[in-house]
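> The structure's right below; bear with me while I get my questions together.
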Amino acid sequence: MEAHVSPSRKVWKRFRKNKLAFGGLLFIIALIIMGILGYAITPDQTPNANTMHLQLTNKKPGRTFDFLIVSKNKNIRKVNFFEKMLYGQEADFKSIPITSYRESQGKVYAREYIGDDEQAEETSYLLVKGNNRYTQTFWLGTDVYGRDLLSRLILGIRVSLSVGLMAVLISLFIGVSLGALAGYFGGKTDAAISWFMNVIWSLPSLLLVIAISFALGKGFWQIFIAVGLSTWVDVARLVRGQVMALKEVEFVEASKALGYSTPRIIVKHILPNIAGPILVVASANFASAILLETGLSFLGFGAQPPMASWGGMIKEHYGYIIMDAAYLAILPGLAIMLTVYAFNLLAIGLRDAFDVKSQNISV
């Protein structure tokens, strides 16, 4: 006799057969790991990867430069690994890019890098104790402020995924609550909530987010609320329809006859039966939230400088698209596109795995 297979295992088996959706899930997991590791894997481990070398503005990917440490600050506190991973380590030295170096009579003589076609005068510096030189390769080049582009792209993962996660949680809380109330009670409750949903639905998402941002102010934490408050209607409409269909079935009627409270019936008997469709719309909303966040950052309402944000990086460099440094805007744009595509693939895979279109709700 064939062993009993749980519904969750059946869903996972169907999901794995969808190669594109499974690939999207693996890509999202890789992003999550990179986002968690953060500063532990970035070449520039200073807070916000904000080390600027204006002499190195817009350098091509793969360029390597020598640096001379010209001073050290002993007052900088050294942090442990986990604190460094989360918040970065403030640099305890100041350095400059150089093209030549020599030591003589306790001093260092170096030529500062000022451009590929120019050569600076040789300048003397005090010899710093310990290692006073290092080499750094900018694998994806540098931005308009001479910062490492790879480090800022990695830190941008945190902004996009955290905004997407928090916005989805807020939208799920509001959408599931209002949708369940409207679908279960019907009548005037349904009419009032449906009217409110239609009003929010009629407003363009980006304009609504901008309006909420104006009311709450610019900042990183305000984005969570603004994006969450603009993406809950999809969830509410879905939950309302599903609850209306479910509230008449036998097991709900039996729960009422047994005297169970309304919150218990909704939370323990109805909502678990519509978890599949909710997960599908939550995945799609995650992609929408990332697009809204990048749009906000591009317009200046999202994550504020020097925080690394993909939308902010496009804003800083979109003028270079018609020049020889188009990659400065293309790379963060590609990161946005691949992330949103991965979440859309995940939503499609979940829809097929849960068989949302043709599912039969049962006890």
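The values are calculated or read from the model by the stated rules, or taken from the named source; none is laboratory data. A quick note: this is a predicted structure, and the numbers were derived from the prediction, not measured. Here Cβ is always computed from backbone atoms with ideal geometry, including for glycine, and neighbour counts include all displayed protein chains. Just the protein is used for accessible areas: all its heavy atoms, side chains included, with ligands, DNA and RNA removed. Shrake-Rupley method; radii C 1.70, N 1.55, O 1.52, S 1.80 Å.
> Within 11 Å, Cβ to Cβ, of Gln55, how many net charges do the neighbouring residues add up to if Lys/Arg are +1 and Asp/Glu are -1?
Its environment carries a net charge of -2.
> So what are the ³J(HN,Hα) numbers for the stretch 278-288, from phi and the Karplus equation (6.51, -1.76, 1.60; θ = phi - 60°), rounded to whole Hz, Gly and Pro as x?
Going residue by residue, I get 5, 4, 4, 5, 5, 5, 5, 5, 4, 4, 5 Hz, with x marking Gly and Pro.
> If you roll a 1.4 angstrom probe over the protein chains with everything in place, what fraction of the accessible area of the stretch 175-242 belongs to carbon and sulfur, to the nearest %? Before the final figure, lay out the partial values.
On the way: 2290 of 3310 Å².
Ligands and nucleic acids excluded, carbon and sulfur give 69 percent.
> Hey, another quick one. Quick check for me: using +1 on Lys/Arg Cβ and -1 on Asp/Glu Cβ, what's the dipole size of the stretch 112-192 about its Cα centre, in debye to the nearest 20?
Values: 6 positive and 9 negative charges, 168 e Å.
Dipole size: approximately 800 debye.
> Per the 1.4 Å probe, what fraction of the accessible area of the stretch 11-115, in percent, lies on carbon and sulfur atoms? Don't jump to the answer; show the numbers that get you there.
On the way: 3620 of 6280 Å².
That fraction is 58 percent.
> Sticking with this one: When the chain is modelled as a GNM with alpha-carbon springs shorter than 10 Å, which of Ala226, Ala303, Ala245 fluctuates the most?
With Cα springs under 10 Å in the chain, the top fluctuation among Ala226, Ala303, Ala245 is at Ala245.
> Please turn the phi angles of the stretch 154-161 into ³J(HN,Hα) values with the Karplus equation 6.51 cos²θ - 1.76 cosθ + 1.60 (θ = phi - 60°), one per residue in order, whole Hz, x for glycine and proline.
Rounded to whole hertz, the list is 5, 5, x, 4, 4, 4, 5, 5.
> Quick check on packing: order 331-344, 109-122, 159-172, 69-82 by the mean number of other C-beta atoms within 10 Å, highest mean leading.
Details: 331-344: 19.6, 109-122: 13.2, 159-172: 21.8, 69-82: 11.1.
The most tightly packed comes first, giving 159-172, 331-344, 109-122, 69-82.
> Over the chain, calculate the relative contact order: mean separation of alpha carbon pairs under 8 Å at least 6 apart, over the residue count, as a percent.
Reported relative contact order: 20 percent.
> Average projected area of the Cα convex hull of the stretch 219-363, in nm²?
Answer in nm², one decimal: 10.8.
> So, one more: Can you list the lysines whose alpha carbon sits under 27 Å from that of Lys19, skipping same-chain ones fewer than 8 residues off?
Result set, ordered by chain and number: Lys10, Lys357.
> With a cut-off of 8 Å between alpha carbons and a minimum separation of six or more residues, what is the relative contact order of the stretch 39-167 in percent?
37 percent
> With unit charges on the beta carbon (Lys/Arg positive, Asp/Glu negative), name the residue among Ala91, Ile69, Gly106 whose Cα is farthest towards the positive pole of the charge dipole of the stretch 67-107.
Gly106
> Could you rank Met34, Met85 by how accessible they are, 1.4 Å probe, largest area first?
My answer, sorted largest first, is Met34, Met85.
> Among all lysine pairs in the stretch 60-121 that are eight or more places apart or on different chains, how many have alpha carbons less than 21 angstrom apart?
Pairs that pass both the separation and distance tests number 9.
> Each residue of the stretch 132-147 in turn: what ³J(HN,Hα) in whole Hz from Karplus with 6.51, -1.76, 1.60 and θ = phi - 60°, glycine and Pro shown as x?
Along the stretch 132-147, the couplings run 10, 9, 7, 10, 9, 9, 9, 4, 10, x, 10, 8, 5, 9, x, 8 Hz.
> Could you state the per residue volume, in Å³, of the convex hull enclosing the Cα atoms of the stretch 235-321?
With only Cα atoms used, the stretch 235-321 gives 122 Å³ per residue.
> Using just the alpha carbons, could you tell me how many Å³ per residue the convex hull of the chain encloses?
Per-residue hull volume (Cα only) is 199 Å³.
> List every residue whose amide H lies under 5 Å from the amide H of Arg63, counting only residues 5 or more places away in sequence or on a different chain, with H placed 1.01 Å from N in the peptide plane.
The list, which skips near neighbours in sequence, is Phe138, Gly141.
> How far is the Cα center of the stretch 78-133 from the Cα center of the stretch 150-184, in Å?
Between the Cα centre of the stretch 78-133 and that of the stretch 150-184, the gap is 43 Å.
> Enter the angle in degrees (range 0 to 90, nearest 10) between the Cα long axis of helix 205-216 and the first principal axis of the Cα atoms of the chain, meaning the one along which they spread out most.
Between the helix axis and the principal axis of the chain, the angle is about 70 degrees.
> Follow-up question, since we're still on this one. Give me the lysines in straight-line cross-link reach of Lys218: C-alpha distance below 21 Å, same-chain residues under 8 apart excluded.
Of all the lysines, those that pass the test against Lys218 - Cα under 21 Å, at least 8 places apart if same chain - are Lys315.
> Per residue, how much accessible area does the chain show when a 1.4 Å probe rolls over the protein heavy atoms, in square angstrom?
In whole numbers, the chain has 54 Å² accessible per residue.
> Right, here's the next one. Could you give the length gained by full extension between Leu37 and Ile321, i.e. 0.36 nm per residue of separation minus their alpha carbon distance, to one decimal place?
Details: separation 284, 0.36 × 284 = 102.24 nm, distance 3.07 nm.
Working it through step by step, the gained length comes to 99.2 nm.
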